[in-house]
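FYI, it's all coordinate maths here, none of it is from the lab. As the structure is a prediction and not an experimental result, all values here were calculated from the model. Cβ coordinates were reconstructed from backbone atoms using ideal geometry, including for glycine residues, and neighbour counts include every protein chain displayed.
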Amino acid sequence: MSAVAARPDGPGTRATAVGDGQTFTAEGFDAQVHGTWHAAIHPYVPRVTNVGFLIDGALNDIGTAMVGGFLGERGPGVPARYRRLAPGATVRIGLSERAR
């Protein structure tokens, strides 16, 4: 984030601004940058930056629980079924034969 990197009183002696799609290594961890702006919430609410970092290519238990909380039936939006697939698993999406 360029706003953080430009602060003269930041937490470190060096900072590098990164953006959506970029990757970098810091202290031995590989990081991938995702996002730029938060989705529009309401026409009168200004959009804010919303950037996430995927560390070493996988979510940990805390990250997985957070995603499930946001997207699942008890999430802040419209309740929806949510199921996390194991890496490499597949699922068929569409109507079942009985529902047609």
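Net charge of the neighbourhood of G63, taken over other residues with C-beta under 14 Å away and scored Lys/Arg +1, Asp/Glu -1, is -1. Sequence-distant contacts, meaning Cα pairs under 8 Å at least 6 residues apart, place the relative contact order of region 23-81 at 24 percent. Largest first, the extents of the alpha carbon coordinates of region 24-90 on the three principal axes equal 42, 29, 21 Å.
In terms of packing, defined here as the mean over residues of other Cβ atoms within 10 angstrom, the peptides 24-30, 86-92 line up highest first as 24-30, 86-92.
Which net charge results for the neighbourhood of G72, defined as the other residues with beta-carbon distances under 11 angstrom from its beta-carbon, given Lys and Arg at +1 and Asp and Glu at -1? Show your work: numbers first, answer last.
Working: positive: R74, R81, R83, R84; negative: E73.
Net charge around G72: +3.
Other residues with beta-carbon under 15 Å from the beta-carbon of T25 carry, at +1 per Lys or Arg and -1 per Asp or Glu, a net charge of -2.
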